[in-house]
1. Condition first: in a loop (DSSP other than H, G, I, E, B) and either surrounded by fewer than 24 Cβ atoms within 10 Å (Cβ to Cβ) or within 16 Å of the chain's Cα centre (by Cα) (or both). Now tell me which residues in the stretch A:280-294 satisfy that.
2. If you scan the stretch A:244-274, which residues turn out to be part of a loop (DSSP other than H, G, I, E, B) and among the small types (Gly, Ala, Ser)?
3. If residue A:202 meets every condition in (1) touching a residue at least 40 places away in the same chain (Cβ under 8 Å); (2) farther than 16 Å from residue D:299 by Cα; (3) crowded, with 19+ Cβ neighbours inside 10 Å apart from one, which number is that one?
4. Looking at the stretch D:295-319, which of its residues are out of contact with any Leu (no Cβ under 9 Å at 6 or more places or on another chain), open to solvent by 10 Å² or more (accessible area, probe 1.4 Å) and either away from chain A (no Cβ under 12 Å) or not in a strand (DSSP E or B) (or both)?
5. Scanning the stretch C:98-120 for residues that are open to solvent by 60 Å² or more (accessible area, probe 1.4 Å) and in contact with a helix residue (DSSP H, G or I) (Cβ under 6 Å, 6 or more places away or on another chain), which turns out farthest from residue C:8 (Cα to Cα)?
6. Report whether or not residue A:334 is in contact with a Pro (Cβ under 9 Å, 6 or more places away or on another chain) and not in a strand (DSSP E or B).
7. Can you name the residue in the stretch A:207-228 that is part of a loop (DSSP other than H, G, I, E, B) and open to solvent by 10 Å² or more (accessible area, probe 1.4 Å) and, of all such residues, is nearest to the other protein chains (Cβ to nearest Cβ)?
4 protein chains.
Amino acid sequence: MVRAAIYGASGYTGLELLRLLARHPGVEVTALVTRQDDLPRLTDVHPSLAGRFDLPLENLSTQEVAERADVAFTALPHGASAATVSPLLEAGLKVIDLSADYRLKDPAVYAKWYALEHVDPARLDSAVYGLPELYRDRIREASLVANPGCYPTSAILALAPLLKANLIDPQGVVIDSKSGVSGAGRSPKPNFHFPECNESFSAYSVGVHRHMPEIDQVLSDASGKTLEVVFTPHLVPMDRGILSTCYATPASGATAERLQAALAEFYAHEPFVHVGDRLPGTKDVAMTNNCSIAVRMVRGRAIVVSVIDNLIKGASGAAVQNFNLMHGFAETTALI
Amino acid sequence: MVRAAIYGASGYTGLELLRLLARHPGVEVTALVTRQDDLPRLTDVHPSLAGRFDLPLENLSTQEVAERADVAFTALPHGASAATVSPLLEAGLKVIDLSADYRLKDPAVYAKWYALEHVDPARLDSAVYGLPELYRDRIREASLVANPGCYPTSAILALAPLLKANLIDPQGVVIDSKSGVSGAGRSPKPNFHFPECNESFSAYSVGVHRHMPEIDQVLSDASGKTLEVVFTPHLVPMDRGILSTCYATPASGATAERLQAALAEFYAHEPFVHVGDRLPGTKDVAMTNNCSIAVRMVRGRAIVVSVIDNLIKGASGAAVQNFNLMHGFAETTALI
Amino acid sequence: MVRAAIYGASGYTGLELLRLLARHPGVEVTALVTRQDDLPRLTDVHPSLAGRFDLPLENLSTQEVAERADVAFTALPHGASAATVSPLLEAGLKVIDLSADYRLKDPAVYAKWYALEHVDPARLDSAVYGLPELYRDRIREASLVANPGCYPTSAILALAPLLKANLIDPQGVVIDSKSGVSGAGRSPKPNFHFPECNESFSAYSVGVHRHMPEIDQVLSDASGKTLEVVFTPHLVPMDRGILSTCYATPASGATAERLQAALAEFYAHEPFVHVGDRLPGTKDVAMTNNCSIAVRMVRGRAIVVSVIDNLIKGASGAAVQNFNLMHGFAETTALI
Amino acid sequence: MVRAAIYGASGYTGLELLRLLARHPGVEVTALVTRQDDLPRLTDVHPSLAGRFDLPLENLSTQEVAERADVAFTALPHGASAATVSPLLEAGLKVIDLSADYRLKDPAVYAKWYALEHVDPARLDSAVYGLPELYRDRIREASLVANPGCYPTSAILALAPLLKANLIDPQGVVIDSKSGVSGAGRSPKPNFHFPECNESFSAYSVGVHRHMPEIDQVLSDASGKTLEVVFTPHLVPMDRGILSTCYATPASGATAERLQAALAEFYAHEPFVHVGDRLPGTKDVAMTNNCSIAVRMVRGRAIVVSVIDNLIKGASGAAVQNFNLMHGFAETTALI
């Protein structure tokens, strides 16, 4: 039984993680760590966990956590996460970090987009980007996994195989993404006040969203060439789900069928990624760790549409998938 | 042209009031009064008013308002409202107060339910409760109208005619009400954060909601006997609308048909209240000043269902209806 | 490994059942039975099952099913269900029937409310009403379990313990219930067309809903006295969840604390029913098999509020809970 | 007083048209024409019109309509519309056609995209495309106005001024559009069944949507060069609103500021189109005839975001605006 500690259990990704781990036969959650002074009962924070977990939220030191746990899931704000992860690794734990802190390889890029000097730049190189479909073997060996962002997951799964196969031009890619509101976290803000965002669809952070350099980096790696995408996020009045509509220039002679075949082949043995003819909706993958992808060719432009559940495949499901790989469990454990 | 000032224009009732007044041929809005230090542009606060109003929000004194306006609509928090209304009346304006400050006749009841000593108790007697269907003649003569609460409007319109006709027992009335989220105002709070209240239906403030004594008072007046209702509010994941399901013991021999006929007769000449066979939904009256009512008799219990738009008939539409009565306009002006 | 057949897999309860059974370590789903001529792939009907089930929908005879399965879950329309269940039982299978066909004990009551002569009235007596919190021991021994209706589950769990303890008057109970739209099934109808029911809250079938006699029957059994409830269903613009607000006259001297204590004691060892101080919302139990209950006393009236997920505790979760009891699995298997 | 007949009053555009015309001081609606045999009361079809209109739906001949009306609004399915419009024009009425029948100039393009031979091709040339911001003068003189499609309105208003000013490349334009569900009409279908499309975001008709050639035609006219756009529609789980995110290659040296300035100048005197810095959401224009536009430049790609209410500026509001132009009313009459 692997003993797990969770930092940041009171947010939406924390809730989702606990839901999934409650079903995992090889995990015992032994600590819920918070830095807050008031320590509410977990079921006051997440009533839907009633009957599943009876753990207290505790303000524990690294040392206390190290005594109780073999692995830590850190779902903390960027900056705070790196400050927490570093001592945990030194204390011998494995870490799956759900923040953005270890995703970008270049500390200068991190500093620019997050307006923050990285506190643990030496580990950026060895941290493994936790997208099993691209980096499974390295995840198996990793002690620190940087769990991917939700938007990047949807975009990278749609595009990386086509870039690897040279079926689309690495330049000029446009990713028009749409996300449910849980992606914005649990802190009340005017934009997310129900009567403001219900029945409204909006664009936000166009050209300045922090997931853009993350997509650049991973797709550049897939492509073998440095590329920059245009990424446009939108807010959908629903709880969960991301749909990305990706536009690219196809390689000469590449048809929709050929693109679809390349994707299907790439994901042929993947348990969670499905390529099909039908244009997917986010509800097709809601409450699952799945990603569903379809391809169209319109007037010479390749269009790849992908959907995920932002809280599962886009966050906590991927974290459990990574956990399974790191600890030798079947990859789908707790995820079906 | 009647010149109108609006206090509290930045909330949802303020927005709705401005939308309605924009269509009123006999009103000119001459002042938007705020106590805030920063003075945003109105269309930054309410983008949907673009092209309709170009007024600034201003921090004006009572004297300045009195020079510009003949009537004031006050949509302020309770307490703050009475402190504002009193000098406006002394300066000679008519006032339609959308807060709760002048609804309750007894300052002790106000003090108990609002946890606040009333600052202007002397006017409670002369303030007219602004429900035209019950108090039209008094509203015509009033200089201060207390615009009804949203829940009370839905409950009182359903029950007052039956109490007046002695068709239901004044004792033992249960009002099970359901409201859209705009009724909670525009301030972000955890309960109204989109991913918390979307896709969730909940009860709240059961037995302690401030609209309960307001319903008591007006229904007691209709009945001629002191009565107390059981009032249970619920939150519906939608923007606007209230449905009240009211349960009462029918008088001996009273059938559903007789109750429906009494309601239909009472409202026969009302432009905004409709009594029908079909059980209504809130969308039947959304964006209108209408109230729709239906009756059922189930196992000896009378059930009266009423629906309104909480922001219109339950707030700003009623305010405009009262304004029309106070200033001699056709009652439906700007409300069709 | 218990082999299970499912009838009616293409509806919402069918989907939910498959989701739950996919996680059950002691069940193998061996047949998805349909009477339709076209036999779509399961993932065309339920895209979210991609990667979980690869079974075909098949038009199988009872004999064929009997060869493949030990137990059948029947999620068919009333009438059709009884005609299917009867031969399955004769072929030796256990059956968990999610329709209404075996819930009512009196065929005359069935005939009146369902406008249909029952085709298998002889079994009504021996069928066990599948609410484990009331009938656990009988469910363990049953070969035919009538899975409760969704509204009845929410109302009965709220009220039965109070009736058993003589803490509320069996007469005069009012149940004001609110349900998400999935309760209406998967067939498109004008009332459930998105732009009609979105952003609208409505009452429907007041006094004529078929769950009313079901509630009568089970609460009469709990009370020991014949009683009739007033039941008022409403439609909430959300996918899933039921909240019932139940009104009753408390026994002399019964306080809110005493009622809450009685409920808490009754459910002290139940894994899925939780009694608390906080008024619950449906999201507190969404995607769980839980029921959450709170009590208030307002002006001499007892108010009990309960919430469930209509598709889980109100349908498929309860079916799996019953299955676990009938087959000797831990009651919470696949339900956490 | 202009007398107006409405065909297709029972749909969503019909409802919106009636709401707007109810406020128009210069219009009397004199006929609601249907081809249905059963003739329901208008308030059974549209309960929210209670108290506004008391007209019957009638199955009237062209001759009967001609006797009662000066102008007809036709909100019928394509094909049916042209068959109705042609005799109305011959009888001397002006017509505002809300269908697609008179939008495309080339009958071969119509035949290809609508899979239908046009029944009235001779009028395609003289019909005026009813977008006042581009064709105001011609609309004033027109007897037949083809009211624009909802998606085309949002895309054309965003792009036409930039094409006219040669600030973007006419080739390679991508329009990623998102619409509320009312755009799909009022007929129940599986895709629009509440529990299917609620909480889901999906792409549909990618590359095959009939609004694509309409956008091509009008933008080609604006550009002076034949162009073809890539148009990708999506379905948003909300009632109303369209947001289009348009991607184009800027002309050499064109900055975001210059593009925004060109749009602002083009629409400087337009009452309904607003260009601003803030990225808009659909709620900013909900229930209004407004279009709001913002510009961004990201990594060398121009992004223009526009929002409209699909039922108002995208349908019935535009129809009333066109009506106002055709009959000499102030253009904003009934639209504020």
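1. A:285, A:286, A:287, A:288, A:289, A:290 - these are the residues of the stretch A:280-294 that are in a loop (DSSP other than H, G, I, E, B) and either surrounded by fewer than 24 Cβ atoms within 10 Å (Cβ to Cβ) or within 16 Å of the chain's Cα centre (by Cα) (or both).
2. Taking the stretch A:244-274 first, the residues part of a loop (DSSP other than H, G, I, E, B) are A:249, A:251-255, A:267-272.
Across the stretch A:244-274, the qualifying residues are A:251, A:252, A:253, A:254, A:268.
3. It fails just one condition, (1).
4. D:299, D:300
5. Keep residues of the stretch C:98-120 that are open to solvent by 60 Å² or more (accessible area, probe 1.4 Å), which gives C:105-106, C:108, C:112, C:115-117, C:119.
Next cut, in contact with a helix residue (DSSP H, G or I) (Cβ under 6 Å, 6 or more places away or on another chain) only: C:117, C:119.
On the way: C:117: 22, C:119: 19 Å.
For the stretch C:98-120, the residue satisfying everything is C:117.
6. So residue A:334 passes the test.
7. Looking at the filtered set, the residue picked out is A:207.
Each row is one residue, and each column tells you yes or no for (1) basic (Lys, Arg); (2) more than 30 Å from residue D:237 (Cβ to Cβ).
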{"position": "B:143", "(1), (2)": "no, yes"}
{"position": "B:158", "(1), (2)": "no, yes"}
{"position": "B:167", "(1), (2)": "no, yes"}
{"position": "B:176", "(1), (2)": "no, no"}
{"position": "B:184", "(1), (2)": "no, no"}
{"position": "B:189", "(1), (2)": "yes, no"}
{"position": "B:197", "(1), (2)": "no, no"}
{"position": "B:215", "(1), (2)": "no, yes"}
{"position": "B:219", "(1), (2)": "no, yes"}
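The values are calculated or read from the model by the stated rules, or taken from the named source; none is laboratory data. Bear in mind the structure is a predicted one, so any value in this text is a computation, not a measurement. Cβ: placed from backbone, ideal geometry, glycine included. Neighbour counts: every protein chain shown. Please note that ligands, DNA and RNA were not included when accessible areas were found on the heavy atoms of the full protein model with its side chains. Shrake-Rupley method; radii C 1.70, N 1.55, O 1.52, S 1.80 Å.
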